[in-house]
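Working notes, beginning with the structure itself.
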There are 2 protein chains.
Amino acid sequence: VRPPGPAFGVCDPPGGVCLLRGDEVLDLAGLGLEPFAGAAAAFAAPTLGPFMAAGREAWAATLDAVEGLRPEPFTRPAAEVAPRMPFAVGDYADFYASEHHAANLGRILRPGTEPLLPNWRHLPVGYHGRAGTVVPSGTPVVRPCGQYLDGDAPAFGPSRRLDVELELGFVIGTPSPHGRRVLVDEALEHVFGVVLLNDWSARDIQAWEYRPLGPFLGKSFATSISAWVTPLLALEGDRIALPPHEPPPLDYLREPPWALDLGLELELNGTVVSRPSARHLSWSPAQMVAHLTANGASLRTGDLLGSGTISGPAPGERGSLVELSWDGAEPLALGDGSTRSFLLDGDEVVMRGDGLAPVTGRILPAEGSAGAI
Amino acid sequence: VRPPGPAFGVCDPPGGVCLLRGDEVLDLAGLGLEPFAGAAAAFAAPTLGPFMAAGREAWAATLDAVEGLRPEPFTRPAAEVAPRMPFAVGDYADFYASEHHAANLGRILRPGTEPLLPNWRHLPVGYHGRAGTVVPSGTPVVRPCGQYLDGDAPAFGPSRRLDVELELGFVIGTPSPHGRRVLVDEALEHVFGVVLLNDWSARDIQAWEYRPLGPFLGKSFATSISAWVTPLLALEGDRIALPPHEPPPLDYLREPPWALDLGLELELNGTVVSRPSARHLSWSPAQMVAHLTANGASLRTGDLLGSGTISGPAPGERGSLVELSWDGAEPLALGDGSTRSFLLDGDEVVMRGDGLAPVTGRILPAEGSAGAI
């Protein structure tokens, strides 16, 4: 995949807003650039919030100002800085925008029925996740405990079906007022940038809890994102047109169909197990924003919109282990000779994507357990 | 119902933390009380956050310090102050803890099947709602637009089945670390207080969108809460023992069963249409906290846990219009001679509860419409 950046984050040293390009980090606060009014204060902040709230012209002016700029005293190797959580998450909404993923899960969970539910082609299906447990790349993930069915009886213990979901995350910059919807052709004014997102999932907990109100504790224990946010403006060259939606969406979701053609990688313990592309998202971030606000819900700076797991049509393009191992029927072979259907304690997951900062996470044993899984 | 208070909020004038008792407001910041270390700064804050984060001993010391205190220069009529949103909402999780409500919806939505789904008796079913659209009592609610089925075809427009849900909301004070669960017998250390909560619901949008990921835009347009938070410590006299859970819950949810015996009222355009009691919640706030954190999810100060709609066994004890009108089959008669199955533009909803501050809201016409509903 293409090296990350230009992407924005916050790290120590030097503190404040920095720019990642490949393996170099540029200290924007130290540099003293003023590409928009209020930039000095925004770049000195401990999160990307003020910069993201400054709006699309400020983002564009900043990208212009740093183009080609590599002043030695303000440039460091990326390996020498420790990025922090780049922004405070407002609300985290997660969609289900990859047709191959939705259809695979339908085939696995509801065999013998139509794989896609009737609403899927008409709206970007989604739900709210837990914002307080979104963590930056590198944060270890404790195996969750929870309630699941053991045969016919509910039991409580460490999840035995711990999975990953490879997604894009779209980060809201410009807020919108409560009670007013954002039109689909205005929506990208509000989207600052893109991260990789690992929507860790405990399939056993999820399967038992999710009727009728949807996923809850099977997801809420942790969601990992890239520590650097790549502006959508820096990915304009990656936009591709998609074939027309069938059926055509209702007016409030209608725009010329498009996606970001970003190559992605899912690596488990050093073996790349899947190579999806973000071109396999049927709903665009503009459509997600238009749908999310169609009822008058406001956007806040730092709202995070997950795309849902991204899977392509080929078996080697699936974005979750439950799909890659077909619910455990076809365990994956790793480079060390071991196999996996779901994650074991100590497993290390890395997700990469063209122009995006990686997201990594290692599984720690469940609370109170001694690494039995 | 019993008058509200003691309950804490933030209002102008005087700014800072105030105490509501019946129809009087006490200005804690002005008063200069120091019932715990850091109290002066906490009471001067523009939200309840610092006070709620100070912990249970600080809450108890404050209640002790104000007991019987009515110093004239710092006491005002409640009608003369304008309360603001009392705290910044972290995550908003909503449960489904009233058996009669869950069973009524099962009968309405899945006629001919077992009203309760198999997981309901084993865990407090819940999901995450949108924190950014939680508003204080008195905030008008714009009728949401959205996608719903019109006959067999999806359509977009103002919701025609706008409903209320009468709930309690439990507000988290003391945070908990990520990766460590809160045990059921420690859980109340974290719960600062209680509000009334109106989980406005667009039934037509919800019915079309909710499979398989749960409610989303049918709920996310607005959630109203009391502007004053009644400490759980002030409601200890309202605790009652419940009969044993059948089947007994798993260990992580096990405690002597209890509920708050708080009488509640739902009023529509001046007519009280329902009188449920919070005694009809089968899962306690302690069980909700233990379940929510069982997977290691953290609690943050300001997290809001909705109980789910509260309905009792009698027809006059139902907490939503879809139940009260039995999905429109039995419209409600109001005092002005009109009838309602769902809300019309201009309708005013008031919820009251023993010791709790009321939550009110009026329906404004949908964006771009001229009051056609």
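Nothing in this text is a laboratory measurement; each read-out follows from the coordinates by a stated rule. Note that the structure is a prediction, hence the values are computed from the model and not measured. Don't worry about glycine lacking a Cβ; one is built from the backbone with ideal geometry, like all the others, and counts go over all protein chains shown.
Distance from the alpha carbon centroid of the stretch B:29-100 to that of the stretch A:303-373 works out to 45 angstrom. Each residue of the stretch A:310-325 was assigned a 3J(HN,Hα) from its phi angle through the Karplus expression (A = 6.51, B = -1.76, C = 1.60, θ = phi - 60°), giving 9, 10, x, x, 8, x, x, 10, 8, x, 9, 5, 4, 7, 4, 9 Hz with x at Gly and Pro. Based on the alpha-carbon gyration tensor of the stretch A:302-373 and its eigenvalue square roots a ≥ b ≥ c, which shape applies: rounded if a/c is under 1.5, prolate if not and a/b is larger than b/c, or oblate? The shape class here is oblate. Computed on chain A, the Cα convex hull volume stands at 141 Å³ per residue.
Chain A's nearest residue to the axis relating it to B, judged by Cβ and reported with the distance in whole Å, is A:214, 1. Exposure proxy shown here: for A:27, A:185, the number of other Cβ atoms within 10 Å sets the order, fewest to most, as A:185, A:27. Using a simple spin-label model with pseudo-atoms 7 Å out from Cα toward Cβ, residue A:155 and residue B:183 lie 2.3 nm apart. According to the calculation over all Cα-Cα pairs in the stretch B:196-350, the P(r) per 10 Å bin from zero is 9, 31, 36, 20, 3, 0 %. Residues whose amide H falls under 5 Å from that of residue B:24, counting only those 5 or more places apart or on a different chain, are B:78, with hydrogens built in the peptide plane. Divided by 2.2 N^0.38 Å, where N counts the residues, the Cα radius of gyration of the protein assembly as shown comes to 0.94.
Peptide A:146-158 shows a mean partner chain C-beta count of 3 within 10 Å per residue C-beta. Of B:205, A:363, A:373, the sequence from fewest to most neighbouring Cβ atoms within 10 angstrom is A:373, A:363, B:205. Here the Karplus curve 6.51 cos²θ - 1.76 cosθ + 1.60, taken at θ = phi - 60°, turns the phi angles of the stretch B:116-122 into couplings of 9, 6, x, 7, 4, 7, 9 Hz, with x standing for Gly and Pro. The mean sequence distance of close C-alpha pairs (under 8 Å, at least 6 residues apart), as a share of the length of the stretch A:239-344, puts its relative contact order at 21 percent.
Applying 0.36 nm per residue to the separation of residue B:364 and residue B:57 and subtracting their alpha-carbon distance, the gain on full extension is 106.3 nm.
For residue A:362, the label point sits 7 Å beyond Cα toward Cβ; its separations from the matching points on the remaining copies run 6.0 nm, from shortest to longest.
All Cα-Cα distances of the stretch A:83-145, cut into 10 Å bins from zero to the largest, leave 18, 32, 31, 18, 2 percent in each bin in turn. Compute the distance from the alpha-carbon center of the stretch A:136-153 to that of the stretch B:161-180, in whole Å. The stretch A:136-153 and the stretch B:161-180 have Cα centres spaced 22 Å from each other.
Only the Cβ atoms of Lys and Arg (+1) and of Asp and Glu (-1) were treated as charged; on that basis the dipole of chain B about its Cα centre amounts to roughly 500 debye.
Summarising the amide proton neighbourhood of residue B:196: residues at separation of 5 or more, or on other chains, whose placed amide H is nearer than 5 Å comprise B:169, B:226, B:357.
A simple rule links phi to the HN-Hα coupling: the Karplus curve 6.51 cos²θ - 1.76 cosθ + 1.60 with θ = phi - 60°, which for the stretch B:243-260 gives x, x, 4, 10, x, x, x, 4, 3, 5, 10, 8, 7, x, x, 8, 8, 9 Hz, with x for Gly and Pro. With label points defined 7 Å past Cα in the direction of Cβ, position residue B:263 shows copy-to-copy spacings of 7.1 nm, given to one decimal and shortest first. Among A:96, B:92, a tally of other beta-carbon atoms within 10 Å of each Cβ gives an order, fewest to most, of A:96, B:92. Projecting the Cα atoms of A:230, A:240, A:269 onto the charge dipole of the stretch A:195-271, computed from C-beta unit charges around the Cα centre, puts A:269 farthest toward the positive end. Secondary structure note: in chain A, about 90% of the DSSP beta bridges are antiparallel.
Mean residue ellipticity, 222 nm, helices only, chain B: the sum of -39500 (n - 2.57) across DSSP H runs of n ≥ 4, divided by residue count and rounded to 500, is -4000 deg cm²/dmol. Each 5 Å bin, from zero up to the one with the longest distance, holds this percent of the alpha carbon pairs of the stretch B:85-205: 2, 8, 13, 18, 18, 16, 12, 7, 3, 1, 0.
Shape analysis of the stretch A:20-65 based on the Cα gyration tensor places the equivalent ellipsoid semi-axes at 16, 12, 11 Å, largest first.
What the Cα atoms of the stretch B:130-268 give is an Rg and a Dmax of 18.5, 53 Å.
Set the Förster distance to 45 Å, then compute FRET efficiency between residue A:34 and residue B:121 from the Cβ-Cβ distance, nearest 0.05.
0.15
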